[in-house]
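Down below is the structure, laid out as structure tokens.
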């Protein structure tokens, strides 16, 4: 029995949905690593004010990376519907 065109379409959508979830997890992993780098700048090193500003900036960059990943995930998920 050969798969129908509907079966292929359903599987294509499912593969794309799973890839979208993997991409979101990659964004989350990257955001966590970037934010951890910012926290280490703040906690592990005795830096002047410029270093602390850099640490907070890196933490915010991690948060922005996660926000962009979530936005992208939702955008692709809406396109699949």
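The values are calculated or read from the model by the stated rules, or taken from the named source; none is laboratory data. Remember, it's a predicted structure, so these values are computed and weren't measured experimentally. Because the Cβ atoms are built from the backbone with ideal geometry, glycine has one as well, and the counts that use them run over all protein chains shown.
Screening the stretch 1-25 for residues that are modelled with pLDDT of 90 or more and out of contact with any helix residue (DSSP H, G or I) (no Cβ under 8 Å at 6 or more places or on another chain) and picking the one that is farthest from residue 77 (Cα to Cα) gives 25. Among the residues that make up the stretch 17-25, is at least one of them surrounded by 11 or more Cβ atoms within 10 Å (Cβ to Cβ), in a helix (DSSP H, G or I) and in contact (Cβ under 8 Å) with a residue 60 or more places away in the chain? Yes, because at least one residue in the stretch 17-25 is surrounded by 11 or more Cβ atoms within 10 Å (Cβ to Cβ), in a helix (DSSP H, G or I) and in contact (Cβ under 8 Å) with a residue 60 or more places away in the chain. Cβ-Cβ contacts under 9 Å between residues 6 or more apart (or on different chains), taken from a first residue in the stretch 28-42 that is loosely packed, with under 13 Cβ neighbours inside 10 Å to a second residue that is assigned to a helix (DSSP H, G or I) and at pLDDT below 95, are listed as 40/55.
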